[in-house]
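Worksheet for the structure shown next.
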Amino acid sequence: MLLARRKYDLYEVEAQQLNEQHPFNNTTKWLIEHGLPWLKGDPSRADLLENPDKLRHMPGIYIEPVFGDLVIRNKTRIAMHASIGDWIIRDPITDNFWVVKPNAFAELYERI
């Protein structure tokens, strides 16, 4: 995990970058520790995926079957695809996770 600061409003976020060596191991563990479980079911039917309590449309993570992206469904139920090189940030205000492309991360955040 890395701490970063938004350049314009100076609040800190936790961030992890998906890398080629261990693309999902550390990141999925971090997401699970912060309340995003693996969603169960057929990932080609994302609308039917369930959390461990068998509830649909809840926050969680799964692997997209066609491209192999890590998909994060955050607390606002937005599903975001994260590929190798993308950054995943945890917003400390909303406690939501967001996928940020590397060029946008470099523009908006600085490592601290």
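The values are calculated or read from the model by the stated rules, or taken from the named source; none is laboratory data. Quantities reported herein were computed from a predicted structural model and do not represent experimental measurements. Using ideal geometry, Cβ is built from the backbone for each residue, glycine included, and neighbour counts are taken over all protein chains shown.
Observations, loosely collected:
- Scoring GLU50 on the criteria (1) surrounded by fewer than 18 Cβ atoms within 10 Å (Cβ to Cβ); (2) among the acidic types (Asp, Glu); (3) closer than 21 Å to GLN17 by Cβ leaves a single failure, condition (3).
- Yes/no for ILE88 being touching a residue at least 60 places away in the same chain (Cβ under 8 Å) and farther than 28 Å from GLN21 by Cβ: no
- Number of the exception - ILE78 against (1) out of contact with any helix residue (DSSP H, G or I) (no Cβ under 6 Å at 6 or more places or on another chain); (2) touching a residue at least 24 places away in the same chain (Cβ under 8 Å); (3) of a type in the set (A, V, I, L, M): (2)
- Leading residue by the ranking (modelled with the lowest pLDDT) among those in the range 5-43 that are under 22 Å from ILE112 (Cβ atoms) and among the aromatic types (Phe, Trp, Tyr): TYR8
- Filter result (over 12 Å from PHE97 (Cβ atoms), touching a strand residue (DSSP E or B) at 6+ places or on another chain (Cβ under 8 Å), of a type in the set (S, T, N, Q) and touching a residue at least 60 places away in the same chain (Cβ under 8 Å)) within the range 11-70: GLN17
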